[in-house]
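The structure is given below, and queries will be raised subsequently.
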Amino acid sequence: MTEKPKKPVVLCILDGWGSRKQAVDNAIILGHTPNFDRMTQSCPMAYLETSGLRVGLPDGQMGNSEVGHTNLGAGRVVLQDLPRIDKSIADGTFPEIETLKATIASLKSTGGTCHLMGLLSPGGVHSHQDHMVALAKALSAAKIPVAIHGFLDGRDVPPSSARAYVEKFEGDISSLANVKIATLTGRYYAMDRDNRWDRVKKAYVGMVDGVGEKASCALEAIAASYANDITDEFMLPTIIAAYGGMKDGDAVLMANFRADRAREILTALLDPDFDSFSRNRRPVFCSCLGMSEYSVALNAFMTTLFPSEKLTDTLGEIISRHGLSQLRIAETEKYAHVTFFFNGGSEDVGEGEDRILIPSPDVATYDLKPEMSAAEVTDNLVKAITSRKYDLIIVNYANPDMVGHTGIMAAAKIAVETVDKCLGRLEEALKETGGCMLVTADHGNIELMKDQKTGQPHTAHTTNLVPFILVNGASNHRLENGCLADVAPTILALMDLEQPDAMTGHSLLKVATDTGKDHAAG
């Protein structure tokens, strides 16, 4: 099939827009969303699962944007790094991984310290603190000194929950020789992904130079931060006890398995040509090892414990193979998700694939501008739809997730109302061109803004279902319930393209017949 259809198919991903019937603390219901409400009442609609086993995570584990977009683009349930790593620890093969043994050998030859860093949290989105414990045990057993640089969470877990999980972590490592927490830093500084290099520099200086706030122990550091009304995510880089910084002959071990928020701090640590801020010192490390692969560029400086598993026959590849055109568009915060993650972890740009990156607003936190760059995304998207240039368009609206993470209801309502206005504009453009749109989400978030048990702001993702709506489709089209892996097959059915064997999800598109029975489309 080489002729381009004149009617675009749009996959509109409302990042963090979950489904929850209760109105209390639900920004979607409490906000004014006339376009979304109309679509749910008048368009074919179903619900998708976005968590646990249905997206390749452990049972009950909330989904996230990386996992969600990987499943959306792959059209199959993709086993994620979290259960892969868990299995290796459980079956005892973890300490025998060759790259870990090589790092240990290098450290023995230099007498250096291993700087084990990562999100010290049980959240399971970017990391899991149990993985850091397993790494510390393997290093300690080999008589390697370990300095732990813990990034505090407050987003994938409650905002002020660090005391309990750091206490547990310290208990888990208490019997290990030469293993100490060296620094604690809020993820706001250590895990930026939007080129806010002033933040990253503070984390870098803390770890490399040993310069920052001071505390005698980890729990004292957390208590001091809380006393200043600073929650976990925003904790200033704090030096624990007598930690003096990194030195030549040491090693770096990144425990985060998710790529997007590990890249900037690793680039600052490892890239000799890095110039986004001035570095007082750049230690020469004997080894650099990561839990997963973070980027092609970083692969030049480090090895990995769990190499990426290549995905083939992703939705983008199929569109390119048929000689069709596609557009990926998002603002900075979610650009990697509609490109790198949607393409199965590949940085390659497919034939006929265009990309538009809209800068995210330069604010400290997105409750200060909950509209984010949604209007600019929509301006470009409407132009793309009405140009009739593209067969398939993938767009992500970041507002529900990024503002949902702030836990601030007033801002969350503005975020959903902003996105709702954008949906109305997209619908008008599609009516003009005869195209159609699938509206869905990668996971929930903004539909629950307060923890119903503790009363704390709820800043994490949820395990709720997400909507799946067909806008401006054929009058006899219907949708069935499914999971994120079923979205790509549904798009192929809408485009009348054959689904490859590797794509094991199922099309959820059904055609109603005159007899009242539905049958599969495509």
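The values are calculated or read from the model by the stated rules, or taken from the named source; none is laboratory data. Owing to the predicted nature of the structure, the values given are computational and were not obtained by experimental measurement. When we count neighbours, we look across all protein chains shown, and the Cβ atoms used for this are built from the backbone with ideal geometry, even at glycine.
Restricting the search to the range 169-195, which residues are of a type outside the set (A, V, I, L, M, F, W, C), outside any loop (DSSP other than H, G, I, E, B) and either farther than 16 Å from GLY154 by Cβ or not assigned by TED's automatic domain parsing to the domain that holds ILE144 (or both)?
If the condition is that a residue be of a type outside the set (A, V, I, L, M, F, W, C), outside any loop (DSSP other than H, G, I, E, B) and either farther than 16 Å from GLY154 by Cβ or not assigned by TED's automatic domain parsing to the domain that holds ILE144 (or both), then GLU170, GLY171, ASP172, LYS180, THR183 are the ones that fit.
Could you grab me the full set of residues in the range 247-282 that are surrounded by fewer than 18 Cβ atoms within 10 Å (Cβ to Cβ) and of a type outside the set (Lys, Arg)?
Scanning the range 247-282 gives ASP248, GLY249, ASP271, PRO272, ASP273, PHE274, ASP275, SER276, PHE277, SER278, ASN280.
Those residues that are surrounded by 19 or more Cβ atoms within 10 Å (Cβ to Cβ) and either outside any helix (DSSP H, G or I) or among the aromatic types (Phe, Trp, Tyr) (or both), I need them from the range 133-150; list them, please.
Within the range 133-150, ILE144, VAL146, ALA147, ILE148, HIS149, GLY150 meet the criteria.
Can you list residue pairs whose Cβ atoms sit under 9 Å apart, with the first residue in the range 64-90 being over 20 Å from GLY123 (Cβ atoms) and the second being assigned to a helix (DSSP H, G or I) and among the charged types (D, E, K, R)? Count only pairs 6 or more apart in sequence or on different chains.
Matching pairs, first to second residue: GLY75/ASP486; VAL77/ARG54.
Pick out, from the range 231-325, the strands (runs of 3 or more DSSP E) lying fully within it that include 2 or more residues that are closer than 30 Å to THR93 by Cβ.
Counting at least 2 such residues, we get 251-254, 287-290.
What pairs can you find where one residue is in the range 207-234 and closer than 21 Å to GLY407 by Cα, the other is part of a helix (DSSP H, G or I) and of a type in the set (Val, Ile, Thr), and their Cβ atoms are less than 7 Å apart, with a gap of 6+ or different chains?
Pairs found: ILE222/VAL166.
Please state which one of GLY154, GLY210, GLY186 is of a type outside the set (A, V, I, L, M, F, W, C) and on the phi < 0 side of the Ramachandran plot.
Just a single option satisfies the conditions, and that option is GLY186.
Then there's this: Which of the residues that make up the range 270-310 are farther than 17 Å from VAL252 by Cβ and among the small types (Gly, Ala, Ser)?
Hits for the range 270-310 are SER276, SER278, SER308.
Name every residue in the range 220-242 that is of a type outside the set (Val, Ile, Thr), surrounded by 20 or more Cβ atoms within 10 Å (Cβ to Cβ) and within 29 Å of LEU107 (Cα to Cα), in order of residue number.
PRO237
Is it the case that GLU428 is surrounded by fewer than 18 Cβ atoms within 10 Å (Cβ to Cβ), farther than 24 Å from GLU66 by Cα, at pLDDT 95 or above and not hydrophobic (A, V, I, L, M, F, W, C)?
yes
Mind telling me which of the residues THR99, THR113, THR103, THR50 ends up being outside the structural domain of MET291 (by TED's automatic domain parsing) and touching a residue at least 12 places away in the same chain (Cβ under 8 Å)?
Answer to the check: THR50.
Give the residue that is surrounded by the most Cβ atoms within 10 Å (Cβ to Cβ), with candidates limited to residues of the range 106-128 that are more than 16 Å from the chain's Cα centre (by Cα) and not in a helix (DSSP H, G or I).
CYS114
Same structure, new question: Kindly indicate which of THR99, THR103 is buried (at least 22 other Cβ atoms within 10 Å of the Cβ), in a helix (DSSP H, G or I) and among the polar types (S, T, N, Q).
THR103
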